[in-house]
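Accompanying notes for the structure given below.
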Amino acid sequence: MKAAVVVFPGSNCDRDVAVALERAMGRPPVMVWHKDSDFEDVDLVVLPGGFSYGDYLRVGAISAHANVMREVKRRAGKGVPVLGICNGFQVLTESGLLPGALMRNKSLRFVCKDVGLKVETGQSLFTSRYETGQRVTFMAAHHDGSYFIDDAGRRQLEDREQIAFRYCDERGQVTPEANPNGSVANIAGIFNSEKTVLGMMPHPERMADPVLGGEDGRAMFEGLVEALS
Amino acid sequence: MKARIHVTLKSGVLDPQGKAIEHALSQLGFQGVDEARTGKVIELNLAESDPERAREQVDLMCRQLLANPVIENYDIELTT
Amino acid sequence: MKARIHVTLKSGVLDPQGKAIEHALSQLGFQGVDEARTGKVIELNLAESDPERAREQVDLMCRQLLANPVIENYDIELTT
Amino acid sequence: MTAEPNPEITPELVAEHGLKPDEYARVREILGRTPNLVELGIFSVMWSEHCSYKSSKKWLKTLPTEGPQVIQGPGENAGVVDIGDGQAAIFKMESHNHPSFIEPYQGAATGVGGILRDVFTMGARPVCNLNALRFGDPEHPKTRHLLSGVVAGIGGYGNCVGVPTIAGEVNFHPAYNGNILVNAMTVGLAQADRIFYAKATGAGNPVIYVGSKTGRDGIHGATMASASFEEDSEEKRPTVQVGDPFTEKLLIEACLELMETDAIVGIQDMGAAGLTSSSFEMASKGGAGVELDLDRVPVREDGMTAYEIMLSESQERMLMVLKPGREDEARRIFEKWDLDFAVVGQLTDTGRMVIRKNGQQVADLPIDPLAEAAPEYDRPWEPTPAQPEIAPADVPASEDPGAALERLLGSADLCSRRWVWEQYDYTVMADTAQRPGGDAGVVRVRGTNKALAVTVDCTPRYCLNDPVRGGMQAVAETWRNITAVGGRPLAITDNMNFGNPEKPLVMGQFVGAVKGMREACAALNYPVVSGNVSLYNETADTAILPTPAIGGVGLLPDLSKMATIAFTAEGEAIVLIGE
Ligand SMILES: Nc1ncnc2c1ncn2[C@@H]1O[C@H](COP(=O)(O)OP(=O)(O)O)[C@@H](O)[C@H]1O
């Protein structure tokens, strides 16, 4: 399997996700510069976390217009899987590859902590190593992670099983207290309708190594390798 | 020409910053304030001097970049 | 009454956000745009109906909370 | 083209520049004439307490700074210690106290930006940040606002740049009501044979400016940091700088990319006093002369004068000296990262700083007398009177230990700091092996099984009672915290925060703390490799508690042996060690 990690100015989890991918794939991903309008054929494109363009104007807004995004959109349209983590998720909603928008956390503060996630479906490229309904722990680290979508949009996501993860408590219950940022319906990650694009706020790559306090994220990368090799 | 663009949240979209301001004002002892809403203002200097063309240009900027139609409205004021 | 408050950076104060917007607009092919500056707009509903007293009240809010006089200017518009 | 203002240099103007009459006499003696305004401005920042350490130098020199692990002690942008396998840890702590009181968010944010630059300037990739914070009484009307602004600012900058903030401390005391302390520390990693110094050598070599454009930011900030606050300072409100962490992130990547080549001769960040201190310090260290052409400096505003350009404190800028002919290679890297790049001058062998603007010479100063022969004072000091010892027997026993424990745990001084650190990204870079909440933060050295343990500590109320023992205790506490996670302590950085040194009792606190630190460092073979001094932390004659914040760095040779905070599982044995 081959993967690409896009580097925007201000990306800061590009190295982290590259390390996690390399561990799963056995070889490093290609790093693609935001100014490039083309890059080699890959089986997976990753938009990493960080503060591209300083999160100025709106998170992800300026990056959504980067040269490289035209190509990412084209490939996503052809079914190439795309994973956006944190800032990457924000870029995906801003570029229209995923519905909704990410807004300032309800607390108005940056939040960095372990969060429990309920896996809403194990039936996808990205979540095949998880059971539907399983509780996993990832790390949230963001200032603008409050997912917004109107009621009609939310119903559509639910009907088409496009919700990938929801914030949940220790016992796997999706409660308001378990919601770290005010997201509509505790949504932490969503798919496009074909489930080939996943955007999520919490960081699986920061839970892919026992030294960092957990390994629940590793299964996502290993599952991808299995599905895409 | 100069353009001043107001970008505000659509009604129905939660504005935690507005809520925080309301709360802080009441803590400070200001009574009778409600419905605080926050937004952004962006000011630009344009080389374009024709108001109609300038407005078109700025409108396009707003749709493409400056506002997110999922959550925001915008309005444009032009001055010379 | 309603108050609309514009909070903008004092001239000379670095506006990294404005800089990024300028850059992004030119990348998108918009020519002839410069001096992008960003600010905040805050809208409040006031119980106070006397314009003079309302202005005084809002002015105090700005000085105490809504603006940071070290780096920001503000102006107040009142409407009924 | 704006003409350079050329006012008469009156005693008032000299005083406004913070120079004492005898210092000004020295200026005239060095120049053999009256300085012009640009030159006066340069002297004033170079000889400010902040840049020259004139009150503290004599005492700082007495600290132990050597050891087999030390690659670079105090005097450079940051200290460097050997961590084996050809690798080095580079670190320093720095204060941004006054700016943070005036504008907590931006003050704290730019403090983090400044200390990051000190570390990556030397060729290190920053791997973690720490912060030591002191605020006034929790009930004081300003405290809440200051605390939330400072914490948001530290997070706002560090999180965006993508360096984890993994440890720190927060204290409250009414003595900080009018003078909060914001001390930020950065630790970086580099190859021991790829360290860059702030030394300008080689006549003819080009002098390069990179980063953000220069604006009228914080002009006179460096002198501001050396003057006590007057009660009305909130009215005067000097300009503070706004940080741009996004540009800093680009600057880190661009500098590290250029550092992989061998094009750089010397490099220095433009901290307080910007272009002035960076150019003078680099030239002085390398024994070079410099010609600067200010028309080539990238500026943000029209009509900036030479005075403003030389004294601007705009953030996210660096000065470098390159090998001849390497300009284009460097320019390509900085342009790739969308940063400004300009050749602003060249080195000479005259030992003088010659500055031009609009084709005219606006300053001509001898470098060494300014940079190295800055005034140095032996300020009168009085030892802190001994405080009565309190015998434990004289303290009445608590009637209800349960309630007392609850009160203690709920107090501002002891309660959980989670509210603070959850606003900091402490796991970005995916190497954080121990998060905030333990004795010390631990980051893995990427690609190895080693890790660094880091902590900052100081207990100001001990220092108030007995500065010598307080200074000792602060050093010892960092040692213990590092040891408690399984690390071998290597060296410290310090941030000496005190009141007005012109008062003998305050000066005595400083002298006492240094003495205590010296003894502890010597006993533990735990040298000081970098540090920072912040004096004049006084408002209306109330000085802060003496606060020598100590930042310690240690090495865990084998991360699998790391210890975490005790009491994690039922059935574990509890052992008490020590007296
Ligand atoms: N400003 C801060 N930034 C990051 N971490 C902090 C900060 N203040 C406190 N902490 C963390 O909270 C924990 C408790 O702090 P403190 O009470 O100072 O610990 P101790 O006294 O045990 O050294 C430590 O892990 C410390 O690193």
Over region A:3-228, what percent of the accessible surface lies on carbon and sulfur atoms, probe 1.4 Å?
42
For the pair C:Asp34 and C:Lys10, what calculated FRET efficiency results from E = 1/(1 + (r/R0)^6), where r is the Cβ-Cβ distance and R0 = 22 Å, to the nearest 0.05?
0.75
How large is ³J(HN,Hα), in whole Hz, for each residue of region A:131-137 in order, when computed from phi with the Karplus curve 6.51 cos²θ - 1.76 cosθ + 1.60 and θ = phi - 60°, using x for Gly and Pro?
8, 4, x, 5, 9, 10, 10
Could you give the nm distance between label points at D:Arg488 and D:Glu579, where each point is 7 Å from its Cα heading toward the beta carbon?
2.8
Rounded accessible area per residue of chain A, 1.4 Å, Å²
35
Between D:Glu4 and C:Gln64, take the C-beta separation as r, use R0 = 51 Å, and let me know the FRET efficiency to the nearest 0.05.
0.80
Closest to the C-onto-B rotation axis, which residue of chain C has its Cβ, and how many Å off the axis is it?
C:Val41, 2
With a 1.4 Å probe and every protein chain kept in, tell me what percent of the accessible surface of region C:2-79 is carbon plus sulfur.
44
Output field shielding_mean for D:560-573 (other chain Cβ, 10 Å radius) holds 0
Once both label points are put 7 Å beyond Cα along the C-beta direction, the B:Thr80-D:His140 separation in nm becomes 5.5
For the interface of chains B and C, what total accessible area is buried with a 1.4 Å probe, rounded to the nearest 100 Å²?
2700
Go ahead and run the numbers for FRET between D:Gln360 and D:Ser416, Cβ-Cβ distance against an R0 of 56 Å, rounding to 0.05.
0.40
Taking amide hydrogens as modeled 1.01 Å from N in the peptide plane, which residues meet the under 5 Å criterion relative to D:Asn532, leaving out close sequence neighbours?
D:Asp494, D:Asn495, D:Met496
How much net charge surrounds B:Lys10 when only the other residues with a Cβ under 12 Å from the Cβ of B:Lys10 are counted, with Lys and Arg +1 and Asp and Glu -1?
-2
Measure off, as a whole percent, the carbon and sulfur share of the 1.4 Å-probe accessible area of chain D, all protein chains present.
52
Have a look at region B:50-67 and report residues whose accessible surface goes down by 10 Å² or more when the remaining protein chains are included, against the chain on its own, probe 1.4 Å, ligands and DNA/RNA excluded.
B:Gln57, B:Leu60, B:Met61, B:Gln64, B:Leu65, B:Leu66
Give, in nm to one decimal, the length gained when the segment between D:Arg331 and D:Glu376 is fully stretched (0.36 nm per residue of separation minus the Cα-Cα distance).
12.2 nm
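What is the gain in length, in nm to one decimal, between D:Ala203 and D:Ala566 on full extension, counting 0.36 nm per residue of separation less the C-alpha to C-alpha distance?
124.8 nm
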Aspartates and glutamates within cross-link reach of A:Lys195: Cα-Cα under 15 Å, excluding same-chain residues under 8 positions apart?
A:Asp43, A:Glu120, A:Glu158, A:Asp159, A:Glu161
Note, A:Val82: beta-carbon cut-off 13 Å, +1 each Lys/Arg, -1 each Asp/Glu, net +2
Can you compute the label reach from D:Leu13? Point 7 Å from Cα along the Cβ direction, backbone N cut-off under 20 Å, restricted to region D:285-322.
D:304-312
Place the label 7 angstrom along Cα→C-beta at B:Thr80 and in each other copy, then list the distances from the first to the rest in nm, shortest first.
3.4
Accessible surface buried once D binds C (1.4 Å probe; total of both sides; Å²):
1000
In Å², rounded to the nearest 100, what is the total accessible surface buried by chains A and D against each other with a 1.4 Å probe?
2400
Within a 10 angstrom radius of each residue's Cβ in C:8-15, how many Cβ atoms of other chains show up on average? Whole number is fine.
5
Please figure out what share of the DSSP beta bridges in chain D is antiparallel and state it in percent, rounded to the nearest 5.
80
For peptide D:211-219, what's the mean number of Cβ atoms from other chains within 10 Å of each residue's Cβ?
2
Label-point gap, in nm, between A:Glu170 and D:Arg407 - each point 7 angstrom along Cα→Cβ:
3.1
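Within 9 Å, Cβ to Cβ, of C:Ile76, how many net charges do the neighbouring residues add up to if Lys/Arg are +1 and Asp/Glu are -1?
Around C:Ile76, the surrounding residues sum to -1.
Among D:362-368, D:394-400, D:455-461, D:478-484, what's the highest-first ranking by average C-beta atoms within 10 angstrom per residue?
Packing proxy ranking, top to bottom: D:455-461, D:478-484, D:362-368, D:394-400.
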HN-Hα J in Hz across region D:540-548 - Karplus 6.51, -1.76, 1.60, θ = phi - 60°, x for Gly and Pro:
6, 6, 9, 8, 5, 5, x, 9, x
Please list, in order along region D:114-131, the HN-Hα scalar couplings obtained from phi with the Karplus expression 6.51 cos²θ - 1.76 cosθ + 1.60 (θ = phi - 60°), rounded to whole Hz, x for Gly and Pro.
x, 6, 4, 5, 4, 8, 6, 3, 8, x, 9, 7, x, 10, 6, 10, 9, 8
In region D:138-160, which residues become less accessible by 20 Å² or more once every protein chain is in place, relative to the chain on its own, using a 1.4 Å probe?
D:Asn159, D:Cys160
Helix-only [θ] at 222 nm, chain D, -39500 (n - 2.57) per DSSP H run of 4+, per residue, nearest 500, equals -9500 deg cm²/dmol
Spelling it out for A:Phe138: with amide H atoms placed in the peptide plane at 1.01 Å from N, the residues 5 or more places away or on another chain with amide H under 5 Å from its amide H are A:Val115, A:Leu117
If you stretched the chain out fully between A:Ser128 and A:Lys35, how much longer would it get, using 0.36 nm times the residue separation minus the C-alpha to C-alpha distance?
30.2 nm
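The values are calculated or read from the model by the stated rules, or taken from the named source; none is laboratory data. Just so you know, these numbers come straight off a predicted model, no measurement behind them. As a convention, Cβ positions derive from the backbone with ideal geometry for all residues, glycine included, and neighbour counts pool all protein chains shown. Surface areas here come from the heavy atoms of the whole protein model, side chains and all, with no ligands, DNA or RNA. Shrake-Rupley method; radii C 1.70, N 1.55, O 1.52, S 1.80 Å.
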